[in-house]
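*Asks:* What follows is a single structure, and I will ask about it in a moment.
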Amino acid sequence: MPRKVLALLLVHANHVVPVSALISELWDDQPPPSAPTTLQTYIVQIRRVLRCTLGLSAAEVSNDILCTWSGAYQFKADHVDLYEFTRLSARGQQQLGEGDVAGGMQTLQSALALWRGPALVDVRAGRLLQAEVSRLHESRLTVCQKHIEAALQLGLHQEVLGELLWLAAQHPLHENLHAQYMIALYRCGRRNDALHAYQRLRASLVRELGLEPSLRLRRLHQAMLSGDPVLDTWPAGDAVLPEGQPTRVVRAG
């Protein structure tokens, strides 16, 4: 329980977290009458660990690190890997937007290197923390896609092929990841494998959701069937072909 309190304070580091939010994370919608007192006990335990670990006095921990406000708590921290990930992600995407593809790719790679596994993997997350975990994983996945897109633009399709294989397996219904995987395979001279990847995605979409692949994926598939030379140069993030771009359609079978 103290780990859950600490985790929620850390994902909102330098922001005030209401006692009501902490109680909701710990006991959901059924807090016991003793919840406020028990929460205070957890805060005392966390401060004790901080005091012993950092070699600070009780007053220093209470005033400078884990502070008490009216009906709330705040964890003050100068260096949080989450904030550094957010900063590097924003910087990398800005570089990509400015046309610095190589620089943006390197910055995004530095952001991804901060991850050492799933977010809060050693915390039994409640409702609020689970929402934060989902948000963080989505942020990481977005940065992964941006990084891979930059790599594909730089001709590094062989280098990202293994990562894309793993990501496509982890997200069997994610169309953009599969589009990137197909492009990487195609550019590695493995058109048959790229077409098989499309068929696996289509089968999963039909089986799980009752849906056909999007127009973007169908256009990519047709471009690969026809061997359209635009596949060798067009950015992967645009699903290869700009809207309205004609393709030489080949009917399979």
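The values are calculated or read from the model by the stated rules, or taken from the named source; none is laboratory data. If you're wondering where the values come from, they're calculated on a predicted model, not measured in any experiment. Glycine gets a Cβ as well: all are built from the backbone with ideal geometry, and neighbour counts include every protein chain shown.
*Asks:* Of the conditions (1) closer than 14 Å to Val11 by Cβ; (2) surrounded by fewer than 16 Cβ atoms within 10 Å (Cβ to Cβ); (3) modelled with pLDDT of 95 or more; (4) not small (Gly, Ala, Ser), Asp100 fails just one. Which one is it?
*Replies:* Against the list (1) closer than 14 Å to Val11 by Cβ; (2) surrounded by fewer than 16 Cβ atoms within 10 Å (Cβ to Cβ); (3) modelled with pLDDT of 95 or more; (4) not small (Gly, Ala, Ser), Asp100 comes up short only on (1).
*Asks:* I'm checking my understanding of the structure. Among residues of segment 50-65 that are of a type in the set (A, V, I, L, M) and in contact (Cβ under 8 Å) with a residue 12 or more places away in the chain, which one is nearest to Asn14 (Cα to Cα)? Explain how you work it out, then say what you get.
*Replies:* Quick first cut of segment 50-65, residues of a type in the set (A, V, I, L, M) only: 50, 54, 56, 58-59, 61, 65.
Right, trim to in contact (Cβ under 8 Å) with a residue 12 or more places away in the chain and you get 50, 61, 65.
On the way: Leu50: 16, Val61: 14, Ile65: 9 Å.
Filtering first and then ranking leaves Ile65.
*Asks:* If the requirement is being more than 30 Å from Ala111 (Cβ to Cβ) and touching a residue at least 12 places away in the same chain (Cβ under 8 Å), which of these qualifies: Leu152, Leu209, Leu217? Before the answer, list the steps.
*Replies:* Working: Leu152 fails: more than 30 Å from Ala111 (Cβ to Cβ); Leu217 fails: more than 30 Å from Ala111 (Cβ to Cβ).
Exactly one of Leu152, Leu209, Leu217 is more than 30 Å from Ala111 (Cβ to Cβ) and touching a residue at least 12 places away in the same chain (Cβ under 8 Å), namely Leu209.
*Asks:* To continue, here is another question. For segment 1-106, which fully contained helices (runs of 4 or more DSSP H) count at least 2 residues that are of a type in the set (Val, Ile, Thr) and under 26 Å from the mean Cα position of the chain (by Cα)?
*Replies:* Details: elements: 2-11, 19-27, 35-54, 58-64, 81-97.
Filter on segment 1-106 gives 2-11.
*Asks:* Checking the conditions here, which among His196, His174 is over 26 Å from the mean Cα position of the chain (by Cα) and modelled with pLDDT of 95 or more? Even if it seems obvious, please write down each step before you answer.
*Replies:* Numbers: His174 fails: over 26 Å from the mean Cα position of the chain (by Cα).
From the options His196, His174, the qualifying one is His196.
*Asks:* If I filter segment 162-171 down to residues being surrounded by 19 or more Cβ atoms within 10 Å (Cβ to Cβ) and under 24 Å from Thr107 (Cβ atoms), which single residue comes out as farthest from the chain's Cα centre (by Cα)?
*Replies:* Filtering segment 162-171 down to residues surrounded by 19 or more Cβ atoms within 10 Å (Cβ to Cβ) leaves 164, 167-168.
Within this subset, residues satisfying the condition of being under 24 Å from Thr107 (Cβ atoms) are 164, 167.
Values: Leu164: 14, Leu167: 12 Å.
Applying the filter and picking the extreme gives Leu164.
*Asks:* Kindly provide the set of residues from segment 147-156 that are surrounded by 20 or more Cβ atoms within 10 Å (Cβ to Cβ) and not β-branched (Val, Ile, Thr), ordered by number. Walk me through how you get there before you give the answer.
*Replies:* Taking segment 147-156 as the starting set, the residues that turn out to be surrounded by 20 or more Cβ atoms within 10 Å (Cβ to Cβ) are 147-152.
Those that are surrounded by 20 or more Cβ atoms within 10 Å (Cβ to Cβ) and not β-branched (Val, Ile, Thr): His147, Glu149, Ala150, Ala151, Leu152.
*Asks:* I've got another one for you. Among the residues of segment 73-92, what is the count of those that are surrounded by fewer than 19 Cβ atoms within 10 Å (Cβ to Cβ) and polar (S, T, N, Q)? Explain how you work it out, then say what you get.
*Replies:* Kept after step one, since they are surrounded by fewer than 19 Cβ atoms within 10 Å (Cβ to Cβ), are these residues of segment 73-92: 74, 76-84, 86-87, 90-91.
Applying the additional criterion that residues be polar (S, T, N, Q) yields 74, 86.
So the answer is 2.
*Asks:* If you don't mind, there's one more thing I want to ask. Among the listed residues Gly103, Gly99, identify the single one that is in contact with a helix residue (DSSP H, G or I) (Cβ under 9 Å, 6 or more places away or on another chain), assigned by TED's automatic domain parsing to the domain that holds Leu128 and not aliphatic (A, V, I, L, M). Break it down stepwise before answering.
*Replies:* Values: Gly99 fails: in contact with a helix residue (DSSP H, G or I) (Cβ under 9 Å, 6 or more places away or on another chain).
Testing whether each residue is in contact with a helix residue (DSSP H, G or I) (Cβ under 9 Å, 6 or more places away or on another chain), assigned by TED's automatic domain parsing to the domain that holds Leu128 and not aliphatic (A, V, I, L, M) leaves just Gly103.
*Asks:* Mind listing just one residue for me: the one in segment 114-140 that is touching a Phe, Trp or Tyr at 6+ places or on another chain (Cβ under 8 Å) and assigned to a helix (DSSP H, G or I) and, of those, surrounded by the most Cβ atoms within 10 Å (Cβ to Cβ)?
*Replies:* My answer is Arg140.
*Asks:* Test Ala111 against the criterion of being surrounded by 13 or more Cβ atoms within 10 Å (Cβ to Cβ), part of a helix (DSSP H, G or I) and not assigned by TED's automatic domain parsing to the domain that holds Gly99, and give yes or no.
*Replies:* Details: surrounded by 13 or more Cβ atoms within 10 Å (Cβ to Cβ): yes; part of a helix (DSSP H, G or I): yes; not assigned by TED's automatic domain parsing to the domain that holds Gly99: no.
No; evaluated as a whole, the condition is false for this residue.
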